[in-house]
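The values are calculated or read from the model by the stated rules, or taken from the named source; none is laboratory data. Just so we're clear, the structure is a prediction, and the values are computed from it rather than from any experiment. With ideal geometry, Cβ positions are generated from the backbone for all residues, glycine too; neighbour counts draw on all protein chains shown. For the accessible areas, the whole protein counts, side chains as well, though only heavy atoms, and no ligand, DNA or RNA atoms are used. Shrake-Rupley method; radii C 1.70, N 1.55, O 1.52, S 1.80 Å.
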There are 6 protein chains.
Amino acid sequence: MSKVKVSRKAHFNAAHRLYRADWSDSENDRVFGKCNNPYFHGHNYDLVVSVTGEIDSETGFVMDMKVLKSLIKNEIEDVLDHKNLNIEVPEFKDLNPTAENIAVVIWNKLRLHIDASKELEVVLYETPRNFVSYSG
Amino acid sequence: MSKVKVSRKAHFNAAHRLYRADWSDSENDRVFGKCNNPYFHGHNYDLVVSVTGEIDSETGFVMDMKVLKSLIKNEIEDVLDHKNLNIEVPEFKDLNPTAENIAVVIWNKLRLHIDASKELEVVLYETPRNFVSYSG
Amino acid sequence: MSKVKVSRKAHFNAAHRLYRADWSDSENDRVFGKCNNPYFHGHNYDLVVSVTGEIDSETGFVMDMKVLKSLIKNEIEDVLDHKNLNIEVPEFKDLNPTAENIAVVIWNKLRLHIDASKELEVVLYETPRNFVSYSG
Amino acid sequence: MSKVKVSRKAHFNAAHRLYRADWSDSENDRVFGKCNNPYFHGHNYDLVVSVTGEIDSETGFVMDMKVLKSLIKNEIEDVLDHKNLNIEVPEFKDLNPTAENIAVVIWNKLRLHIDASKELEVVLYETPRNFVSYSG
Amino acid sequence: MSKVKVSRKAHFNAAHRLYRADWSDSENDRVFGKCNNPYFHGHNYDLVVSVTGEIDSETGFVMDMKVLKSLIKNEIEDVLDHKNLNIEVPEFKDLNPTAENIAVVIWNKLRLHIDASKELEVVLYETPRNFVSYSG
Amino acid sequence: MSKVKVSRKAHFNAAHRLYRADWSDSENDRVFGKCNNPYFHGHNYDLVVSVTGEIDSETGFVMDMKVLKSLIKNEIEDVLDHKNLNIEVPEFKDLNPTAENIAVVIWNKLRLHIDASKELEVVLYETPRNFVSYSG
């Protein structure tokens with residue numbers, strides 16, 4: 001049977017800084033520019049989580065949106081919203097919180113809770129003009 | 001030759017209700033929550049229809065957008081706009097009008113009118129935060 | 001001291017029908033067209049509530065957005081979301097639920113809870129292309 | 001002669017924290033909630049600057065948008081973008097960087113550079129759901 | 001009785017060029033920059049037309065949106081859509097088609113067809129970042 | 001290792017006309033309708049450029065967004081913005097500037113500057129309702 005993709009938008013606000021502790025200041029500045037501000041800057045991150053699978057013939061759902069909404073709230077928004085990603089989120093202790101890496105971290109967190117028969121995709125907007133997509 | 005996907009947005013407003021006649025009220029409430037309101041609720045559905053194929057070297061079109069626009073109007077908007085999906089649209093007489101099922105119904109309706117050499121995709125936004133995609 | 005306007009967006013989905021019980025069917029059709037569908041249709045209503053007043057020099061707030069968000073949820077979203085406006089919302093028992101009238105009803109409900117020293121404005125989007133504004 | 005309002009959108013990303021140094025931690029938490037995170041959080045701020053005046057009959061401009069765009073870049077974006085508002089922007093040394101106060105600070109900075117015959121309005125979006133307006 | 005503002009969005013695509021025939025090329029370039037391209041450039045103009053008045057107690061309308069939509073189509077879209085403003089629209093024969101001037105022209109055209117008891121406002125987006133407002 | 005797609009939005013305004021010099025006027029009118037206006041019309045084109053590849057473990061980037069932004073500016077915006085596509089852009093001397101063909105031209109220009117190990121996709125919005133995608 002053919003598959004349908006269901007998508008849910010969410011969002012969180014966070015501070016971050018791009019840099020490597022093992023690089024010199026000038027190297028950090030050269031590569032990361034103003035994103036390397038040691039006092040941090042921040043974003044309104046928009047997140048689209050998509051789950052692909054067959055429609056359940058009883059409910060008409062691929063996955064109940066209410067369940068997906070709760071999952072995103074518990075696993076992602078409650079963990080990242082109004083946080084400093086570098087300081088307060090353990091995954092970024094030694095991982096640069098670029099949009100690419102944040103998307104992979106979010107995907108890994110959600111993958112544990114999505115039925116293995118279904119595919120998972122994460123799209124993360126750092127700004128309305130910069131965004132990344134990851135499907136595992 | 002490489003293929004290009006052309007997409008056209010459309011929209012319609014409709015009322016619906018999620019429930020199964022063969023389930024108890026409490027079972028319907030448990031699964032469908034407030035979407036099971038017997039008096040109905042409604043949405044502004046946004047629809048993106050995409051057709052993928054080779055560019056016609058004469059016109060520079062994969063498919064004339066004016067033709068695609070008319071097709072969506074005649075086959076989808078005129079049939080679903082300002083309607084009660086459960087009561088007035090025959091396809092949902094025995095099919096729960098979830099976003100997933102509506103997208104499949106729309107795809108099936110349009111597929112008949114799109115050249116077989118071309119691929120068809122339907123993205124249906126039930127709200128700006130909930131949407132589904134179907135490609136057959 | 002100069003005043004600042006603070007605005008908060010919210011949304012709700014509802015079914016409705018435009019008609020007057022004291023008019024003939026043909027008169028209702030002539031004036032309200034397909035909005036007069038007796039089986040109802042529906043919308044994703046977007047709502048912007050704005051409160052204008054002086055900035056509190058202690059907090060830096062005109063009005064705490066968290067308080068405004070809760071007020072909108074309790075007084076408006078919980079009352080209108082996933083409802084049939086004509087049947088389930090008492091204010092529209094004898095009042096046509098046009099966007100104009102819905103905006104006035106929302107404004108009246110919120111006005112009771114906003115400090116009299118502050119001005120209140122409601123903008124209601126029935127669709128992204130049709131919207132109304134009311135300031136009392 | 002009648003007046004026209006011309007508006008230009010801009011944006012900047014910044015980190016901030018809401019709190020008062022002269023309040024206890026628990027008082028800060030009670031009033032500012034998670035916005036009081038001592039490690040900061042951040043936003044993509046969207047800014048709309050509007051200037052109202054008569055149309056210059058020679059150019060057809062109220063104010064040259066290219067000039068307004070440069071003014072916003074030099075006076076606002078270069079000063080606030082990728083900054084920590086509390087630590088790096090002198091105006092917020094003793095002023096809570098709420099959306100209301102940021103809007104007033106931006107208005108005051110721009111007012112100096114806009115001809116006195118023209119009116120100035122600033123709309124600042126802290127998130128797509130929270131925004132403030134200030135006209136002096 | 002209090003007044004409500006009803007708004008309707010529309011759009012048209014057009015080509016234009018900013019310049020004065022009585023100025024030298026270098027003066028046109030200095031003031032209008034790349035908008036002075038003699039081969040023209042173009043925009044997707046978005047238009048919001050707002051009419052303010054009392055709610056008709058019979059219909060619940062300030063003005064029937066279907067009527068407003070038709071009015072905008074007949075008076076504005078049919079006249080400006082897919083046109084070269086400088087060459088094909090008589091109002092711009094001797095008037096620079098800046099966003100400001102286009103908004104005034106549109107307002108003047110619509111004013112003739114809106115009941116005198118109602119106020120009229122036009123907002124014209126030349127791009128999502130540049131827009132103008134005119135209320136007569 | 002899994003791949004991530006990074007996307008960057010850009011935009012340009014341009015005039016164009018759809019027609020074939022080797023067709024009669026009536027044939028051009030029949031196929032291209034008002035897009036065949038000999039005086040041109042125009043659009044605000046929105047462009048999303050996406051590059052897919054592995055995350056560089058040093059920087060956390062698939063491709064530095066600052067580099068991608070500059071590339072789009074130099075190769076696309078500086079060449080197409082505020083231009084008449086038919087007259088001023090050599091690629092369209094003998095190629096109809098449909099959205100499909102513009103997307104392919106943009107893709108070909110960018111492909112030369114993107115590392116061969118990475119995939120490239122271009123999405124071009126001619127209007128918010130009409131858009132095309134091309135991946136080579």
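Condition check: of a type outside the set (D, E, K, R), more than 8 Å from every other protein chain (Cβ to nearest Cβ) and either touching a His at 6+ places or on another chain (Cβ under 6 Å) or surrounded by fewer than 17 Cβ atoms within 10 Å (Cβ to Cβ) (or both). Does B:L71 satisfy that? Against the criterion (of a type outside the set (D, E, K, R), more than 8 Å from every other protein chain (Cβ to nearest Cβ) and either touching a His at 6+ places or on another chain (Cβ under 6 Å) or surrounded by fewer than 17 Cβ atoms within 10 Å (Cβ to Cβ) (or both)), B:L71 qualifies. Counting residues in the range E:109-122 that are outside any loop (DSSP other than H, G, I, E, B), facing another protein chain (nearest Cβ under 9 Å) and over 24 Å from C:F32 (Cβ atoms) gives zero.
When the criteria are applied in full, A:E91 meets the requirement of being out of contact with any Gly (no Cβ under 9 Å at 6 or more places or on another chain), part of a helix (DSSP H, G or I) and open to solvent by 60 Å² or more (accessible area, probe 1.4 Å).
Put simply, of E:D78, E:D46 the only residue that is in a helix (DSSP H, G or I), under 14 Å from the mean Cα position of the chain (by Cα) and closer than 29 Å to F:N84 by Cβ is E:D78.
Among the residues of the range D:98-107, are any farther than 19 Å from D:M65 by Cβ and within 12 Å of chain A (Cβ to nearest Cβ)? So far as the range D:98-107 goes, no, none of its residues is farther than 19 Å from D:M65 by Cβ and within 12 Å of chain A (Cβ to nearest Cβ). Cβ-Cβ contacts under 6 Å between residues 6 or more apart (or on different chains), taken from a first residue in the range E:114-136 that is at pLDDT 95 or above to a second residue that is aromatic (F, W, Y) and open to solvent by less than 40 Å² (accessible area, probe 1.4 Å), are listed as E:V122/E:W107; E:V122/E:Y134; E:Y125/E:F131; E:Y134/E:W107.
Might you check whether a residue that is open to solvent by less than 30 Å² (accessible area, probe 1.4 Å), aliphatic (A, V, I, L, M) and out of contact with any strand residue (DSSP E or B) (no Cβ under 7 Å at 6 or more places or on another chain) occurs anywhere in the range F:39-49? There is no residue in the range F:39-49 that is open to solvent by less than 30 Å² (accessible area, probe 1.4 Å), aliphatic (A, V, I, L, M) and out of contact with any strand residue (DSSP E or B) (no Cβ under 7 Å at 6 or more places or on another chain). The residues of the range F:81-107 that are over 21 Å from F:V31 (Cβ atoms) and within 9 Å of the chain's Cα centre (by Cα), listed by number, are F:I106, F:W107. With respect to (1) in contact with a Pro (Cβ under 9 Å, 6 or more places away or on another chain); (2) among the polar types (S, T, N, Q); (3) under 30 Å from A:A103 (Cα atoms), the lone exception for F:S70 is condition (1). Of all residues in the range B:33-85, how many are in contact with a helix residue (DSSP H, G or I) (Cβ under 6 Å, 6 or more places away or on another chain), free of Cβ contacts under 8 Å to residues at least 60 places away in the same chain and hydrophobic (A, V, I, L, M, F, W, C)? Count: 2. The single residue among D:Y19, D:Y45, D:Y39 that is facing another protein chain (nearest Cβ under 8 Å) and aromatic (F, W, Y) turns out to be D:Y39. Inclusion of A:T52 among residues that are among the polar types (S, T, N, Q), within 11 Å of another protein chain (Cβ to nearest Cβ) and over 15 Å from the mean Cα position of the chain (by Cα) is warranted.
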